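The next block holds one structure in the form of structure tokens; read it before the comments.
The values are calculated or read from the model by the stated rules, or taken from the named source; none is laboratory data. Every value quoted in this text rests on a predicted model; they were computed, and no experiment measured them. Cβ atoms come from the backbone with ideal geometry, glycine included; neighbour counts cover every protein chain shown.
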Amino acid sequence: MLNYLYIIGNYPIIVYNFDNLDFSRHIQHYTDAPITRHLLLEILKEYKRPNDKISEWIKSGKLILLKRGMYVPGPTSELPMPSFFLIANQLRGPSYVSLESALSYWGCIPERTYEVSSVTVKPSKRYKTPIGRFDYQQIPTPYYSYGIRRVQLKANQFALIASPEKALCDKIVLTAGINLRSIRQTKDFLLEDLRMEEQVLPTLDREMISSWLEDAPKKNSLQMLVSTLKEI
């Protein structure tokens, strides 16, 4: 890789960036998931000062620090970055991608989301990273465990994503001030507020949602959702 071009007298002197090749050789087999500091220290175990090498890679843009102890390949590394949904799963776990991010992924809403929204059993938290924002909202167990799918996004990359039904229920549960009391109000919420694709609604599994009600927050609102889907 050409890195520098010097002119000395009338002769061009080319200096190649072999360090980038060295970085790629070290990291290229580990780009299917976020890279941990433990892994980096293992890779760099022959270096006398591995922490200095990690800091150097971050400063040069070969590594991006997401949070303490977790990294992804940077723009100067010429290596692929893991899927954002996979990153979201590992940035704060246990968690799964849900809400608008999952609804957009399944084609239920037209908007493309630029913040990855997830739910977790841990306290709510937001990460602002150099590659984007990752938002986590807390929901209780056992409701948390329902309606999660393990989806293959790329070769060797899998992520936990809410089913369309669970993503919609999570949205109702976690949206402050939403208390669905009538079929008309629920239709307005689905079609006007969320801008859901109307043809998607009849495909949602009402029986599945009903099976979650006993353990779900906002039971009455979710029951109204089931009743509304029966009318569509």
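For region 160-184, the set of residues classified as in a helix (DSSP H, G or I) and either without any contact (Cβ under 8 Å) to a residue 24 or more places away in the chain or not assigned by TED's automatic domain parsing to the domain that holds residue 213 (or both) consists of 184 only. Could you go through region 147-156 and let me know if any residue there is among the polar types (S, T, N, Q) and assigned to a helix (DSSP H, G or I). Scanning region 147-156 turns up no residue that is among the polar types (S, T, N, Q) and assigned to a helix (DSSP H, G or I).
Count of region 145-186 residues, restricted to those that are closer than 21 Å to residue 84 by Cβ and of a type outside the set (A, V, I, L, M), is 13. Among residues of region 46-68 that are closer than 17 Å to residue 87 by Cα, those with a Cβ under 9 angstrom from a residue that is charged (D, E, K, R) and in a loop (DSSP other than H, G, I, E, B), sequence gap 6+ or separate chain, pair up as 67/92.
Looking at this structure, is residue 207 surrounded by 14 or more Cβ atoms within 10 Å (Cβ to Cβ) and part of a helix (DSSP H, G or I)? No, not satisfied.
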